[in-house]
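Some notes on the structure that comes next.
The values are calculated or read from the model by the stated rules, or taken from the named source; none is laboratory data. Here the structure is a predicted model, which means the values were calculated and not measured. Cβ atoms come from the backbone with ideal geometry, glycine included; neighbour counts cover every protein chain shown. When the accessible area is computed, the model is the full protein with side chains, heavy atoms only, and any ligands, DNA or RNA have been set aside. Shrake-Rupley method; radii C 1.70, N 1.55, O 1.52, S 1.80 Å.
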Amino acid sequence: MVNAIQTPSQNTTTRPRISFLGCGYLGATYAICFAELGYEVIGYDVDAAKIEAFASGVLPIHEPGLPELLKKNLETGRLRFTTDVKDVAEFADVHFICVGTPQRQGEHGADLSYIESSVVELSAHLTRKVLIVGKSTVPVGTASWVQELVDRHTPEGLGVEVGWSPEFLQESNAMHDVLRPNRIVYAAQSEWASRLLKDVHRGILELAAVEDREVPVVETDLATAELVKVAANAFLSTKISFINAMADLCEVTGGDVADLAKAIGYDQRIGNKFLRAGIGFGGGCLPKDIRALSARAGELGVGESFRFLDEVDAVNTRRRSQVVRHVADLAERPTGPNGPDLSGVRVAYLGATFKPDTDDIRDSPALAIARRLRACRADVVVYDPEGLENAKSAAPELSFVKTLAEAVAGADVVCAMVPWEEFRTLDPEALGQQVAERRILDGMNAFDPAQWTKHGWTYKGIGR
Ligand code: UDX
């Protein structure tokens, strides 16, 4: 469980007033957490319904610990939300741009239209010198372009500057990642901006000092600050695809990728994180970020050096058809050139989100595989602790149930796909009594195969 702060610092003399433009996962979490750190904060979004929800203390996303922190900080008066950009422009000394940078339709590059509209809107309403800091994940070179936009759209002579400070928050751990980050990275173009960025991050460093922790600060140039984020996500993606490629090798040789990951992970140069083989990575960041990085590298003439990222992507998406084949094998249905025919196979499908402890289904491997199974005519009954509503609107062809018991009743195959606590702790004997056939696909690689086979299950993991 993430800890809130007991007593935020009351020293506001060196605390600039902050705005966060874009109240998605990123902006909302930052706004709430910076209020918790003692800053006066305003959150801005063009989506009136979302702003209304935040302002009335309702968090429209699932993120552990954050609803309580939202309510608490609305009550302090340090946190408010608005759709009025003029209000934002008047209020804050530092404006963080936190809008989405999705993959462009039909291309691999990033769509920067939300960055452009938010910066132009804000710039037109500024009446004094402020600092605009990019936090969204962007192709390298965006910061300079944002500075040009600002220069073009602010009243003459204001001298508004652009800085950059990437974020590294992981959904389901977002509050912790903002309050207690493992590093702070920022870039400023002048002494004035550098000082302001120090003041902005002072609250995090003070909290760390109270808790006897160190938070490394890397101050760098704009291009590096932009690159740090995509480099981190590309590295993490590569680790996951690497272990998934090893899983493929384990499958054909009878090896066990979970043991392999454990064994190589003891080498501290490798580390044991992000080495869980499974159904592949998804979410609103890793897939789109590696594509955007590869596309940007191509534009800059170094595409060849990043061709491996296209392979990282390909290994990842191939998981999906591999898993469908595993389900067909478990159901004893042959896989032809057009995939298996799974008609009449009832699949209890556990998990729809891209990872546990979130309701986010963006680029979710679990949901994509469920849809493929349905396209192979399986009767797919999906249960997810928090993602049902989002999954239902994205994949209306699937059946959804509100409890695990309903999903597994009479199932021919159980697919446990997302390592929610509720699934990781499943008891093989109790579950066996509810299904029609004891066959399980462990897409999470979270179970002990011996335990399940002991209880009469045909067990299939990924790469084991
Ligand atoms: C990621 C980065 O971790 C974060 O630093 C950045 O700011 C945003 O992108 P997030 O998208 O929240 O965060 O998800 P993350 O926890 O990184 O997981 C991404 C995907 O990788 C999930 O689908 C997850 O299930 C998968 N994954 C993760 C694996 O398949 N194996 C692993 O070992 C770890």
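If you go through the stretch 82-90 one residue at a time, do you hit one that is among the β-branched types (Val, Ile, Thr), in a helix (DSSP H, G or I) and within 27 Å of Leu205 (Cα to Cα)?
yes
Look at Val435 and say whether it is more than 25 Å from Leu260 (Cα to Cα), assigned by TED's automatic domain parsing to the domain that holds Ala258 and among the β-branched types (Val, Ile, Thr).
Considered against the rule, which asks whether it is more than 25 Å from Leu260 (Cα to Cα), assigned by TED's automatic domain parsing to the domain that holds Ala258 and among the β-branched types (Val, Ile, Thr), Val435 comes out as yes.
With respect to the numbered conditions (1) surrounded by fewer than 19 Cβ atoms within 10 Å (Cβ to Cβ); (2) more than 29 Å from Val99 (Cβ to Cβ), which one is the sole condition not fulfilled by Lys392?
(2)
Quick one: which residue in Ala405, Ala368, Ala352, Ala446 is within 16 Å of the ligand (Cβ to nearest atom), in contact (Cβ under 8 Å) with a residue 24 or more places away in the chain, in a helix (DSSP H, G or I) and among the hydrophobic types (A, V, I, L, M, F, W, C)?
After ruling out the rest, the residue left standing is Ala368.
Under 6 Å between Cβ atoms, at least 6 apart or on separate chains: pull out the pairs that start in the stretch 284-295 with a residue that is not assigned by TED's automatic domain parsing to the domain that holds Pro365 and end on any residue that is open to solvent by less than 30 Å² (accessible area, probe 1.4 Å).
From the stretch 284-295, no pairs qualify.
Conditions (1) over 26 Å from Arg180 (Cα atoms); (2) assigned to a loop (DSSP other than H, G, I, E, B), marked per residue:
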site	(1), (2)
His95	no, no
Ser118	yes, no
Arg128	yes, yes
Val138	no, yes
Val146	yes, no
Gly157	yes, yes
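Specify the residue that is nearest to Asp84 (Cα to Cα); the eligible residues are those in the stretch 15-50 that are open to solvent by 10 Å² or more (accessible area, probe 1.4 Å) and aliphatic (A, V, I, L, M).
Taking the candidates together, the pick is Val46.
Could you say which residue among Ala174, Ala193 is of a type in the set (Gly, Ala, Ser), outside the structural domain of Asp357 (by TED's automatic domain parsing) and more than 16 Å from the ligand (Cβ to nearest atom)?
The unique qualifying residue is Ala193.
Just give me the residues in the stretch 427-445 being hydrophobic (A, V, I, L, M, F, W, C) and surrounded by fewer than 18 Cβ atoms within 10 Å (Cβ to Cβ), in sequence order.
Result: Ala430, Ala436.
For the stretch 413-443, what are the residues that are in contact with a Ser or Thr (Cβ under 8 Å, 6 or more places away or on another chain), in a loop (DSSP other than H, G, I, E, B) and among the β-branched types (Val, Ile, Thr)?
Within the stretch 413-443, just Val418 meets the criteria.
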